[in-house]
Amino acid sequence: MKANRGQIEKALDAPPSDIRFFLLHGPDEAGSTALARRLERAMGPGAERVDLDVATLREDPARLADEAASFSMFGDKRWVRINGMGDESLPAVTALLEAEAAGNPVIAIAGALKATSKLVKLALDHKGCMAFISYQPDAREAEQIAMATARENGLRLPQELARRIVDLANGDRALMGIEIEKLVLYLDAAPEQPREATAEALDALSANNPDSDAAPLVNAVLGGDLRAMHKELNNLAEIGAAMASVIRPLLTRAMLIANIRADFDSSGRLEAAVESAGKAVFWKEKGLVTRQVRLWDATGIARVIQRLAQAERSSRGGKGLGDLLVRHELLAIARQAARERA
């Protein structure tokens, strides 16, 4: 059944026994992930989490129902999580709902799905399911989300700084979370020892480097041009730019591709999907962005965003190992794009 925000939050905070399957989908995948964490908190720190991937469910559709009915080896609560679910998992979800018993809640983060998705239809029609679609928040909602996220981590974030973070992240929840996490670590904040966020701290952590233009590297990595990528990385090294300076623009472009891809998958009209992105796509780069959207499907670009977020965390050490890890991730992403081009 379809749930509104209040209903899904209430159900995830105290999972009802008659709901076997929670489907969180929509273009705001970071919002879906944040909702999934509510279930994790509700299950408690001692709960056993079982992570299943789509490939496993495709090969063994009965596995999901089996895991949902199994008891924890340690006698604790148990729950099941799946990332990147789509219509290929329909047999597994059907088996879960038709099973005689379940017991352990199952939650899936599906990303943007088509309106005609059979998985969405099943989740909306079945009384044992709850489905919720997450949309990108507007500017005011994004500011409130940033302030709430900071508060949960022991950081008092004034509204003007929340607005700056929203602007830096283009309103994307995942990127806002990264910026806030950096502030929390920088200021040594924690729920038991709150700290006040300052403009000086945000300035100090800004990954923007006025001496470097990351656009060529962004296009090389996400376009699968390995030769150009190595050239741009060497250029950055020559001017002494930290690898952290390229992560934010790469994440911003990846999120843009994800949003356009979701629109394209829904409408089937790529040019219209690119146009609907408006000023987020610089007019000189429309051709490049269009080609990148063709290269990356929804699942692939979601993985890219995850890898870049991890790379951003690795880069916090500045030079040395952090930079090497970032380079490794960029190479892996570029190689995948190159394979898609072939």
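Just a few scattered comments:
- Residue within region 154-162 that is within 26 Å of Arg303 (Cα to Cα), modelled with pLDDT of 80 or more, over 20 Å from the mean Cα position of the chain (by Cα) and outside the structural domain of Leu35 (by TED's automatic domain parsing) present: no
- Residue list for region 100-125, filter: in contact with a helix residue (DSSP H, G or I) (Cβ under 6 Å, 6 or more places away or on another chain) and surrounded by 17 or more Cβ atoms within 10 Å (Cβ to Cβ): Ala102, Asn104, Val106, Ile107, Ile109, Gly111, Ala112, Leu113, Ser117, Leu119
- Qualifying positions in region 264-279 - at pLDDT 85 or above and touching a Leu at 6+ places or on another chain (Cβ under 9 Å): Phe264, Asp265
- Qualifying residue in region 302-314 (condition: modelled with pLDDT under 90, over 25 Å from Ala110 (Cα atoms), assigned to a helix (DSSP H, G or I) and not aromatic (Phe, Trp, Tyr)): yes
- Helices (runs of 4 or more DSSP H) contained entirely in region 174-247, each with at least 2 residues that are under 30 Å from Pro158 (Cβ atoms) and either out of contact with any Gly (no Cβ under 7 Å at 6 or more places or on another chain) or at pLDDT 90 or above (or both): 199-205
- Some residue of region 1-12 being over 21 Å from Leu122 (Cβ atoms) and touching a residue at least 24 places away in the same chain (Cβ under 8 Å): yes
- Ser89 vs. criteria within 22 Å of Asp66 (Cα to Cα), among the polar types (S, T, N, Q) and surrounded by 15 or more Cβ atoms within 10 Å (Cβ to Cβ): yes
- Residue in region 169-178 that is over 22 Å from Ala280 (Cα atoms) and touching a residue at least 24 places away in the same chain (Cβ under 8 Å) present: no
- Spans of helices (runs of 4 or more DSSP H) in region 10-117 with at least 3 residues on the phi > 0 side of the Ramachandran plot and over 21 Å from the mean Cα position of the chain (by Cα): none
- Subset of region 126-146 [assigned to a helix (DSSP H, G or I) and surrounded by fewer than 20 Cβ atoms within 10 Å (Cβ to Cβ)]: Ala139, Arg140, Glu141, Gln144
- Residue that is modelled with the highest pLDDT [pool: residues in region 1-30 that are over 20 Å from Asp87 (Cβ atoms) and of a type in the set (Lys, Arg)]: Lys10
- Close pairs (7 angstrom Cβ cut-off, 6 or more residues apart or separate chains): touching a residue at least 24 places away in the same chain (Cβ under 8 Å) in region 255-279, acidic (Asp, Glu) anywhere: Met255/Asp172; Arg261/Asp297
- Scanning region 124-149 for residues that are modelled with pLDDT under 95 and small (Gly, Ala, Ser) returns Gly128, Ser134, Ala139, Ala142, Ala146, Ala148.
The values are calculated or read from the model by the stated rules, or taken from the named source; none is laboratory data. Bear in mind that the values here come from a model prediction, so they are computed numbers and not experimental data. Heads up, the Cβs are rebuilt from the backbone with ideal geometry, glycines too, and the neighbour counts pull from every protein chain shown.
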